[in-house]
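Just below is one structure, and these are the notes that go with it.
The values are calculated or read from the model by the stated rules, or taken from the named source; none is laboratory data. Values in this document were obtained by computation on a predicted structure and should not be read as measured data. When we count neighbours, we look across all protein chains shown, and the Cβ atoms used for this are built from the backbone with ideal geometry, even at glycine.
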Amino acid sequence: MINNQEEEEKKEKKKAGNPNALIYESILLIFILLVSIFGVSFAVVKYTQTGEESNTIRTGELRMSYTEDTNGIKIENAMPMSDDIGKKLSGNNEFFDFTVSTTIRGNATLAYEVSAEKSIDSTLRDDEVKLYLEKKAGAIYETVMNPVVFTPLKEKTKWGTEKGTMLLTTGTSTHTENISYRLRMWVKQDAIMTGEERIFSVRVNLKGGVVVE
């Protein structure tokens, strides 16, 4: 122990008598500090770049278009009819064509809901009117929703379709596309007609958003 203490004292005296040793030691400490700082900075930059490169932009747009002047369909003093006849209606104001357009940018999935909102001037009861929805597939239309009476939602949906409206169909899209639909509406066959004016009108709405996985 005494020998070690004597050696330490000799080293201290040597350093005190040699200022260059103190300078060299200080330079060495600064160099080590700089290397440490550079190493930390490099690690942070590398991590940041990796994080940015791994992010994928996910976004999309939903849009509805239609060819008529009015968005929707209206029954005025129509007579009751069977489903077989209603499904083939093709006269003026007897069907409504509309298109749901999706625009996808990046890796995204869009979900959408199509609904019918009854107008306040409707006089027919909900259970007296049937709606029928088809989707275009090539040159023909295929059934999406079989004939069913107007059935209002009891609560608002996840995507914002309002309570009181009728949900016609839902769908998803993972690429930019146009999806064409055709809506028909008629007075159901066993409805009892009274002397009052028979009116039932609906507006077609579109809601949706990007699906978060």
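Exactly one residue out of 123, 161, 151 is loosely packed, with under 15 Cβ neighbours inside 10 Å, within 30 Å of residue 212 (Cβ to Cβ) and either touching a residue at least 24 places away in the same chain (Cβ under 8 Å) or assigned by TED's automatic domain parsing to the domain that holds residue 187 (or both): that is 151. Within the stretch 49-76, restricting attention to residues that are under 19 Å from residue 201 (Cα atoms) and surrounded by fewer than 10 Cβ atoms within 10 Å (Cβ to Cβ), the residue that is modelled with the highest pLDDT is 67. A Cβ distance below 8 Å, combined with a sequence gap of six or more or placement on separate chains, defines the contacts here; from the stretch 63-77, residues that are on the phi > 0 side of the Ramachandran plot reach residues that are basic (Lys, Arg) in the pairs 72/203; 77/198. Where strands (runs of 3 or more DSSP E) sit wholly within the stretch 69-186, those with at least 2 residues that are hydroxyl-bearing (Ser, Thr, Tyr) and more than 30 Å from residue 59 (Cβ to Cβ) occupy 140-149. Out of 146, 107, one residue alone is modelled with pLDDT of 95 or more and over 12 Å from residue 181 (Cα atoms). It is 146. Of all residues in the stretch 135-163, those being farther than 19 Å from residue 90 by Cβ and among the aromatic types (Phe, Trp, Tyr) number 2.
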